[in-house]
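Participant: Handing you a structure now.
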There are 4 protein chains.
Amino acid sequence: MTTASTDPATCHPGSPSPGHLCMPEDARKRAARRLKIARGHLDSIVAMLEKEDAYCVDVLRQIKAVQGALSGAGEVVLRGHLEAHVATASTRGDSVEIVEELMEALKYT
Amino acid sequence: MTTASTDPATCHPGSPSPGHLCMPEDARKRAARRLKIARGHLDSIVAMLEKEDAYCVDVLRQIKAVQGALSGAGEVVLRGHLEAHVATASTRGDSVEIVEELMEALKYT
Amino acid sequence: MTTASTDPATCHPGSPSPGHLCMPEDARKRAARRLKIARGHLDSIVAMLEKEDAYCVDVLRQIKAVQGALSGAGEVVLRGHLEAHVATASTRGDSVEIVEELMEALKYT
Amino acid sequence: MTTASTDPATCHPGSPSPGHLCMPEDARKRAARRLKIARGHLDSIVAMLEKEDAYCVDVLRQIKAVQGALSGAGEVVLRGHLEAHVATASTRGDSVEIVEELMEALKYT
């Protein structure tokens with residue numbers, strides 16, 4: 001009954017889509033936390049751009065910083081996916097599909 | 001008197017920091033517009049992560065999409081900077097400094 | 001006895017390091033082919049740079065093309081690794097280590 | 001007569017294409033040196049892939065190292081281009097074209 005919570009690859013019993021793989025809760029919370037920080041940072045760049053004396057290189061640096069934060073969030077999600085879903089694929093029997101799906105998602109970096 | 005508005009490299013006369021290079025207004029507005037769209041997209045990823053059935057690969061794809069939007073905003077800013085400030089550097093006599101500053105900012109892609 | 005050749009995660013019996021995971025042969029050959037093409041391309045950039053009238057933007061474009069070829073080779077290797085070694089990790093019991101190792105290698109993109 | 005060698009944006013007098021912008025000699029030599037090192041590194045990866053016990057993650061790391069070397073060479077070329085050709089564009093009167101050309105070349109990173 002509570003096995004779901006110990007198997008990170010399985011959705012919680014009450015999940016709206018029980019048949020599909022769900023993100024490990026820890027990764028989900030950590031990624032959300034990082035994305036909220038990135039959003040706050042993005043707010044401050046938008047505010048910066050409202051001022052007439054914004055300087056291009058300052059804005060570029062801030063955009064890069066947000067991109068770094070998003071990469072960090074992406075790493076959290078990727079690591080969770082590899083551990084919970086890819087590393088267990090041969091047991092489930094969907095290795096080819098899960099690798100194909102991941103390669104496709106990683107392509108457009 | 002109104003030369004400032006025709007020279008994109010010069011801040012508007014009433015600018016708080018008249019001695020420094022200011023972002024061309026067009027680039028500033030276009031970058032802001034793109035960053036606001038990216039922020040909305042980021043909000044929707046944060047909302048997605050609040051649901052227990054979020055799926056890693058969907059989240060990865062959305063994060064990549066926001067990174068693409070940020071790259072687009074960065075391109076707008078870079079192009080404005082090159083046209084307004086780098087292309088005019090030898091006239092101002094600060095080529096070495098402005099190139100060094102830009103290379104440093106581009107480094108951490 | 002010949003199971004090794006059907007299991008892409010296992011080195012060939014006569015391999016110098018039988019205890020360690022070996023790259024699937026197909027990925028190995030395809031990656032080598034792509035890297036040889038990249039090397040030929042790199043040769044032509046070096047030759048281009050020997051001429052006094054080389055133009056910066058042409059060189060930049062050629063360097064980007066080689067980087068694209070290397071990314072393609074990297075994708076072949078990554079896909080082979082995910083299918084042969086990561087997707088089978090929970091069966092071997094080394095999921096944490098193999099994911100950690102991969103995340104570390106992907107970091108410096 | 002020897003002005004060509006002091007103006008990095010101008011090709012040497014005997015250049016086959018005197019009307020066009022030439023890469024500063026220093027950048028040309030430094031980029032060539034780095035690309036030769038990258039080529040040697042690439043050779044060693046090809047050799048590595050000829051062995052049956054090549055390990056995916058080792059190959060991935062080596063490919064990333066070569067990509068880093070190519071990025072370094074690209075930075076040398078970009079810096080030379082910005083200093084010699086972009087920073088002088090408003091004087092020549094081709095700012096729009098030279099920025100457009102560079103943005104296009106940088107796009108496919």
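Participant: Which order do D:V99, B:V77 fall in if you start with the one that has the fewest other Cβ atoms within 10 Å? Intermediate results must be reported in sequence, preceding the final value.
Facilitator: Numbers: D:V99 21, B:V77 28.
Ordered from fewest to most neighbouring Cβ atoms within 10 Å, D:V99, B:V77 come out as D:V99, B:V77.
Participant: Which distances, in nm and shortest first, link the C:T91 label point to the same label point in every other copy, taking 7 Å along Cα→Cβ?
Facilitator: 1.2, 6.7, 6.8
Participant: Then there's this: Put a label point 7 Å from Cα along the Cβ direction on A:D58, then list its distances to the equivalent points in the other copies in nm, shortest first.
Facilitator: 4.0, 4.1, 5.0
Participant: Counting every Cα pair in the stretch D:22-106, what percent are over 19 Å apart?
Facilitator: 53
Participant: Which one, A:G40, A:V66, A:L102, projects farthest toward the positive side of the charge dipole computed for the stretch A:22-106 from Cβ point charges (K/R +1, D/E -1)?
Facilitator: My answer, from the dipole projection, is A:G40.
Participant: So, one more: Output, in nm with one decimal and in ascending order, the distances from the B:E104 label point to the matching label points of the other copies (7 Å from Cα along Cα-to-Cβ).
Facilitator: 3.2, 3.3, 4.4
Participant: Okay, next question. For an R0 of 51 angstrom, estimate the FRET efficiency from the Cβ-Cβ distance between B:A65 and D:K29 and round to the nearest 0.05. Before the final figure, lay out each step's value.
Facilitator: On the way: r = 41 Å, r/R0 = 0.81.
Here the calculated transfer efficiency is 0.80.
Participant: Of all the residues in chain B, which one has the C-beta that comes nearest the axis relating B to D, and what is the distance in Å?
Facilitator: Residue plus distance in Å, as requested: B:V86, 3.
Participant: Please list, or write none, the lysines whose alpha carbon is within less than 23 Å of the alpha carbon of C:K64, excluding same-chain residues fewer than 8 places away.
Facilitator: Leaving aside lysines fewer than 8 places away in the same chain, those within reach of C:K64 are A:K64, A:K107, B:K64, B:K107, C:K36, C:K51, C:K107, D:K29, D:K36, D:K64, D:K107.
Where a number appears in this text, it was derived from the coordinates with a stated rule and is not lab data. The structure presented is a predicted model; accordingly, all values stated were derived computationally and were not measured. So basically every Cβ, Gly included, is an ideal-geometry build from the backbone, and we count neighbours across all protein chains shown.
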